[in-house]
Amino acid sequence: MKTISTLFTIALSILSTHLFAQDKQDDIIGIWQTQEAQVEIYKVDDRFIGNPINPEGERNTEIEVLNLKYENGQWVGKIYSKKRGSLLDVTCQVEGDKLLLEVTARFVSANLEWTKVN
């Protein structure tokens with residue numbers, strides 16, 4: 001009986017840890033104000049996609065600004081640079097209502113900060 005109780009406790013601990021991680025990775029979902037526009041980030045399967053919001057307040061799916069995957073407590077992937085006209089590496093973390101982005105182009109990194117609208 002003691003073994004069953006111990007196994008149940010271990011299983012419950014593993015399950016709750018997994019569920020907490022699932023909730024954490026969804027923290028990035030929402031609408032974010034960038035320096036230039038608003039971007040909506042949403043989940044498709046195991047990816048997080050970001051599209052700009054058009055003047056009518058709708059998601060512009062023709063332009064993909066972000067394509068991220070949640071790994072080791074952060075989001076990693078690609079961000080589109082309008083200035084360069086190319087995709088760059090990006091690492092993101094959510095801290096409260098701020099999305100902190102570290103964008104890397106070859107050997108140079110830049111930090112951006114977006115604010116959550118909703």
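The values are calculated or read from the model by the stated rules, or taken from the named source; none is laboratory data. These figures come from a predicted structure and were not determined experimentally. Glycine gets a Cβ as well: all are built from the backbone with ideal geometry, and neighbour counts include every protein chain shown. In case anyone asks, the SASA skips ligands and DNA or RNA and just uses the protein heavy atoms, side chains included. Shrake-Rupley method; radii C 1.70, N 1.55, O 1.52, S 1.80 Å.
Observations on the structure shown:
- Filtered residues of the range 54-74 (kept if part of a strand (DSSP E or B) and modelled with pLDDT under 95): ARG59
- If the condition is being in contact (Cβ under 8 Å) with a residue 12 or more places away in the chain and in a loop (DSSP other than H, G, I, E, B), then the range 39-53 contributes only ASP46.
- Candidate set from the range 105-118 (those that are small (Gly, Ala, Ser) and in contact with a Leu (Cβ under 9 Å, 6 or more places away or on another chain)); member that is least open to solvent (accessible area, probe 1.4 Å): ALA105
- Just so you know, in the range 61-92 the residues that are in contact with a Leu (Cβ under 7 Å, 6 or more places away or on another chain), crowded, with 16+ Cβ neighbours inside 10 Å and of a type in the set (A, V, I, L, M, F, W, C) include one that is farthest from TYR42 (Cα to Cα), and it is VAL90.
- All positions within the range 91-110 that are more than 15 Å from GLN33 (Cα to Cα) and more than 10 Å from the chain's Cα centre (by Cα): GLU102, VAL103, THR104, ALA105, ARG106, PHE107, VAL108, SER109, ALA110
- Qualifying residues in the range 27-60 (those that are within 21 Å of LYS98 (Cα to Cα) and of a type in the set (D, E, K, R)) - the one surrounded by the fewest Cβ atoms within 10 Å (Cβ to Cβ): GLU36
- Positions within the range 93-104 being surrounded by 14 or more Cβ atoms within 10 Å (Cβ to Cβ) and over 17 Å from PRO52 (Cα atoms), in sequence order: GLN93, VAL94, LEU100, GLU102, VAL103
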